[in-house]
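Before any comments, here is the structure.
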Protein chains: 2
Amino acid sequence: METIGEHRSFAGTQFVCQHQSQSTGTPMTFAAYVPDSAQDAPAPVLFYLSGLTCTHANVMEKGEYRRAASEHGVIVICPDTSPRGDDVPDDDAYDLGQGAGFYVDATEAPWSQHFRMWRYISEELPALVGDSFPADMSRAGIFGHSMGGHGALVAGLRLPETFRTVSAFAPIVAPSRVPWGEKAFSTYLGMDQDAWRKYDAVALIEDGAKTSEILVDQGEADVFLAEQLRPELLEEACAAASIPLTLRRHDGFDHSYYFISTFMADHIAWHAERLG
Amino acid sequence: METIGEHRSFAGTQFVCQHQSQSTGTPMTFAAYVPDSAQDAPAPVLFYLSGLTCTHANVMEKGEYRRAASEHGVIVICPDTSPRGDDVPDDDAYDLGQGAGFYVDATEAPWSQHFRMWRYISEELPALVGDSFPADMSRAGIFGHSMGGHGALVAGLRLPETFRTVSAFAPIVAPSRVPWGEKAFSTYLGMDQDAWRKYDAVALIEDGAKTSEILVDQGEADVFLAEQLRPELLEEACAAASIPLTLRRHDGFDHSYYFISTFMADHIAWHAERLG
């Protein structure tokens, strides 16, 4: 692993790291904010998954997480949203291919060779972070935005021992039932919709997956709310499965980092309180 | 004036506005964050001047000022750093021409037609803001970064009634005596260095300009510190003129927004306290 960026910020250091990923077969870049307090005792870790079109850099620059992370003594890891490179398949659309990995392990050609983001974020990256930073991997949580909120919910539901806490900003809660997800899943996973369920938070809950509780913030002026995000489906599934869900709807807020940054400190405090 | 962007963020709204500037003869874009509390009573206003290569957008996206601005009930206005457009003179260098206005009124051809940033930030923009937002213009302050720190210091020293409080992040304190400033001033203002003094904070203080006090934050790992910024010259000038200067030097911090954002809330609180 190579450190390609390093900046003091608040009471900690913002790193940018690059490594050759076994999951994707490509170099992968991620941001890692490490509070100074982690030098004294291994710190809890939060993985933040970004949305469509983003790299590791968007939330690093616009997410405003460092003040809260340093105050609560939490490491924050922000991976890229897909493999990238000239040899990696892509699509002209913003919602498919590079920048749109959807945190699945693709099974369909030509995507299946590199688009292995599920393995990357659920196994390889946590192992690398545990080896490389002063992180207490028994106290890890996950959160994300939009496509990354989908990834975080799926990870929290499938691997509650790895990711003990889970929250999301404006997540795609039921990708199998909305246009973004239908397009991505049919392309990456094929037409058998049974294979989609393990990457769909609402379907996972319907199939019995559990997590201790979920925090979701959603802007009411989000243009993707009704067609792509549909938080009411998560509300129904959590109610039926008795999973405590705190769904906060905010008048006037949209889908942007102006929304994410507003509630970022709340999420970090929420995870930190539960991770101890 | 046209609103070209509008996002809810924290307890307020981030606007992006465009207008035809009489000063520059071009369209000018600026960011305006207005806290909700300004609807109840006119709010103090802070003008933030950005550094080389920046537009209004850099600090809007990376500066992390909205939490503190909404908490303290302060409007924050972030102008562009120069006129822009196909008809506006430019230079291939990053430190001259578009993106590098240096907050002067150019007197040399071909720059003098459009590069009138002093008039823009000192007269036109404050008047426009007073007319367009719920702003109490008798409680205005100014701050900025690097080239924008230079602009803020000059504005605070020349117009202490307009800009009652002044602070800066890593400012160019004596442009007449460092390479960035020598290049810009000789190009925009000509070779008569007497004409430079009214745009040079240290020279202005030597010539008798006053402000009530100054706050400056400076990173010790800033690569421009020794050659371009030289805060010790401001320290000496303020000491000789009995202007109270709080110069805070921070180990490990560089010239980036990771530095600015760390100390942004301190600056907003400092101005808000003094502007009442």
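None of the figures in this text is laboratory data; all of them are computed from the coordinates on show. Note that the structure is predicted; figures quoted are calculated from it, not measured. Neighbour counts run over all protein chains shown; Cβ positions are idealised from the backbone, glycine included.
Close amide H contacts of residue B:13 (hydrogens built in the peptide plane, cut-off under 5 Å, sequence separation of 5 or more or a different chain): B:34, B:36. Computed over the protein assembly as shown, the quotient of the alpha carbon radius of gyration and 2.2 N^0.38 Å is 1.04. Placing a label point 7 Å from Cα along the Cα-to-Cβ axis, residue B:276 is separated from the same position in the other copies by 5.2 nm, shortest listed first. Converting phi to 3J(HN,Hα) with the Karplus coefficients 6.51, -1.76 and 1.60 and the offset θ = phi - 60°, the stretch B:256-261 yields 8, 5, 5, 6, 3, 5 Hz in sequence order, with x at every glycine or proline. Couplings 3J(HN,Hα) of the stretch A:121-133, computed from phi: 7, 8, 10, 5, 5, x, 5, 5, 5, x, 7, 9, 10 Hz, in residue order, whole Hz [Karplus 6.51 cos²θ - 1.76 cosθ + 1.60, θ = phi - 60°; x for Gly and Pro]. Hydrodynamic analysis of the stretch B:102-223 uses the Kirkwood radius over alpha carbon pairs. Inserted into Stokes-Einstein at 20 °C and 1.002 mPa s, it gives a translational diffusion coefficient of 145 µm²/s.
Restricting attention to chain A, close to 45% of DSSP beta bridges with both partner residues there are antiparallel. If you wrap the tightest convex hull around every Cα atom of the stretch A:42-136 and split its volume per residue, you get 99 Å³.
In the stretch B:1-97, inverting the average of 1/r over every pair of distinct C-alpha atoms gives 14.3 Å as the Kirkwood radius.
Note on the protein assembly as shown: Lys pairs 8 or more places apart or on different chains, Cα atoms under 24 Å apart, count 5.
Taking every DSSP beta bridge that has both ends in the protein assembly as shown, the antiparallel portion is near 45%.
Between B:106, B:93, B:184, the Gaussian network model of chain B with springs among Cα atoms under 10 angstrom shows the greatest mean-square fluctuation at B:93. Measuring r between the beta carbons of residue B:269 and residue A:197 and using R0 = 60 Å, the FRET efficiency lands at 0.75.
May I ask which residue of B:11, B:203, B:126 lies farthest towards the positive end of the charge dipole of the stretch B:2-275, with charges of +1 (Lys, Arg) and -1 (Asp, Glu) on Cβ and the Cα centre as origin? Of the options given, the answer is B:11. On the beta carbon distance between residue A:206 and residue A:161, with R0 = 22 Å, the FRET formula returns roughly 0.55. Each label point was placed 7 Å from the Cα along the Cα-to-Cβ direction; for residue B:186 and residue B:86 their separation is 3.3 nm. For peptide B:253-260, the mean count of partner chain Cβ atoms within 10 Å of a residue's Cβ comes to 4.
Calculated mean residue ellipticity at 222 nm for the protein assembly as shown: -8500 deg cm²/dmol, from DSSP H runs with n ≥ 4 weighted as -39500 (n - 2.57), summed, divided by the residue count and rounded to 500. For residue B:135, nonlocal amide neighbours, meaning residues 5 or more places apart or on other chains whose placed amide H falls under 5 Å from its own, are B:43.
For B:36, A:86, the sequence from fewest to most other C-beta atoms within 10 Å is A:86, B:36. For residue A:6, the residues 5 or more places off, or on other chains, whose built amide H falls under 5 Å of its own are A:16. Volume per residue for the stretch A:2-275 equals 110 cubic angstrom (convex hull of Cα atoms). Rg and Dmax, both from the Cα atoms of the stretch B:213-276 and both in Å, are 12.7, 37. In sequence order, the stretch A:175-189 has phi-based couplings of x, 5, 10, 9, x, 4, x, 4, 5, 5, 5, 5, 6, 7, 10 Hz under the Karplus curve 6.51 cos²θ - 1.76 cosθ + 1.60, θ = phi - 60°, and Gly or Pro positions carry x.
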